[in-house]
1. Starting from the amide H of Met341, placed 1.01 Å from N in the peptide plane, find each other amide H under 5 Å away whose residue is 5 or more places distant or on another chain.
2. Which value, in debye to the nearest 20, gives the size of the charge dipole of the chain about its Cα centre, when Lys and Arg are +1 and Asp and Glu are -1 at the Cβ?
3. For segment 335-406, what is the accessible area per residue in Å², given a 1.4 Å probe and the full set of protein chains?
4. When 1/r is averaged over all different Cα pairs and the result inverted, which Kirkwood radius in Å belongs to segment 90-188?
5. Give me the one-decimal nm value for the distance between modelled label points at Thr302 and Ser396, 7 Å along each residue's Cα-to-Cβ direction.
6. Rank Leu21, Leu58, Leu159 by accessible area, highest first, at a 1.4 Å probe radius?
7. When the Karplus curve 6.51 cos²θ - 1.76 cosθ + 1.60 is applied with θ = phi - 60°, which whole-Hz ³J(HN,Hα) does each residue of segment 248-261 get, with x for Gly and Pro?
8. Would you mind counting up the charge near Glu372? Only other residues with Cβ under 11 Å from its Cβ, with Lys and Arg at +1 and Asp and Glu at -1.
Amino acid sequence: MVHHRRIFPSITARLILGLTLATTALWCGAAAYSTYVSFHELNEAFDRALQEAGRRLLPLAAEDVLGHEDDDAGVIHHFIEGRGEYLSYQLRNSAGRVVLRAHDAPTAPYDERATPGFSTVGNYRLFTDTDETTGLTITMAETTRGRREAIFGAARGMLLPLVGLIPLNILAIWLAVRGAMKPVLRLSRDIASRSGQNLAPLDISDQPGELKPMADAVASLIERLRAALDAERAFAANSAHELRTPIAGALAQTQRMIVELGDAKDRRRAREVEATLKRLSTLAEKLMQLSRVDAGLGNTDTAVDLIAVLDLVVADRARRLDEPERIRYVKPPGATLIARMDMDAFAMAARNLIDNAANHGPIDGRVDVKVEPDGVIRIVNEGAVVPPDVLAGLKSRFARGETRYAGSGLGLAIVETIMTQTGGKLELFSPALGRGDGFEARLTVHQSLADDAPDP
C-alpha cells in the first residue's frame, strides 16, 4: 500500500488553514472594494465641499477687493498663523493678478491657465470659478494629503479588525470542527479497542451523514469477522472435545497392547504410537484451552487470592514429574496475590509456564518458581540460551524453539492472551535474569486494591 505523506494530515488542521485563508482573502477583497468605493465617494464629497466653499467665498471676497485693485494682494489672517490648513484660496482679477489670498496660499497663482471647474495641479486639488459681473476669479485649493489620510484611515479601519478576527476565526473553526468530529473520534477509539476478544457491535447511531456509509461498512466488517472467529473457535473447541474420547480410547488400547506384545521390536513401535497419541491428546487439550481463552475466560468481577491456586498448581505439576524435587517453590511468608482474575484462567497460565519450563529444560534440570512483591511470579529453568530472534516470536501461536520436546507451540500464546485480557503482562528472558544461561518467564499480575481483598 502506498502512503502519500501530507503536510497537514489532520482534517482539523486542513479546515482551519483553508477556512482561515478563505476568510482572510474574502475580508481583504471586501476591504479593497470598500476602499475603492470610499475613495470615489470621498473624492466626490470633498469636491462638492470645495465647490460650495468657492461659490460662497467669491461674492464676499469680491466686495472686499472692489476699489482696491491697485493695491498689493491682500492677505486674510482669519486663520491661525503657523497651522497648516487643508483649504486655501486665491482671488485674481481679470488681468490674472492675485488680489487676495489666504495666509498659507502662495503668491504665485496655483494654475496659470485658470481652468474653470476642477483640476489637479501638483499636490493640490483645485476648483476655479469666475464672477461674470466683476471679472474676478477664485481658485480654491485643497491638499491631496488630507484626502489620502481620509482614505487610508478608512482602509485601516476595515483591515485592523482582521488582526483580531484571524485568531477568533481559528478558535471558532477549531471549536466547530471539534464538536463535529466527536462522533468520528469516538468511532475511531471504538474501532481501536476492538480485538479478537472484543468484537462487540459498533455504535454508529450518531455518525454524520457523510461518514455513515463508511461506518456501516466497518460495522458490517466487524460483524462478519466476529462471526468467522466464533465459527473458528467453535470448530476448534468441538473438534478438540470430540477427539478427546477416541484419543483416550486409542491410547488405552495401545498401552494394553504394549503390555501384551512379546517382541521387543513390536513394543518399540507401539511405544512410538503411544507417544504420538499423547502428543495428540496434549494438542487437543491446548486447543480446548485456547478456545476458552479466546472467549474471554480471564476476567471476573470478584477479587480472589491466587496464591492458593498457585500452591495447588505447583504441587500438581511436581507430582507428575519423575523427580518432584526438580521444582523448587519459593514464596515470602504470608504472601498474597489479590486480583480480579478467574482462578481457572490463572491456573491455566501457571500450569502452562511450569510445564514449559519442565519440558524444554534439561531432563534433570531444576525449575524455580518464585513469588515476588507487586504481583510478580518468576518461572526459571536451566538450559541453553534462546536466540533473541526466536525469543521475540515465542508468544505467537504455534511458535516453537529448538528443543527436544515436541510441544504444540500454544502454551505461551495461551498465557499471553490471558494476561492481556486481565491487564497483566508476560515477559520472556534468555538468559534468565542474574544468570548466564537458562530461560525465564516473568508473570506480572494486575493486582486489585487492598479494599477488594476477599474476607479470610
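The values are calculated or read from the model by the stated rules, or taken from the named source; none is laboratory data. Just so it is clear, the model here is predicted, and its values are computed rather than measured. Reconstructed Cβ throughout: ideal geometry from the backbone, glycine too, with neighbour counts over all protein chains shown. These area figures cover heavy atoms from the full protein model, side chains too; ligands, DNA and RNA do not enter into them. Shrake-Rupley method; radii C 1.70, N 1.55, O 1.52, S 1.80 Å.
1. Thr300, Val304
2. 2760
3. Result: 48 Å² per residue.
4. For segment 90-188, the Kirkwood estimate is 18.3 Å.
5. The answer from the label model is 4.0 nm.
6. Result, largest first: Leu21, Leu159, Leu58.
7. 4, x, 5, 5, 5, 5, 5, 5, 5, 5, 4, 5, 7, 5
8. Surrounding charge for Glu372 is +3.
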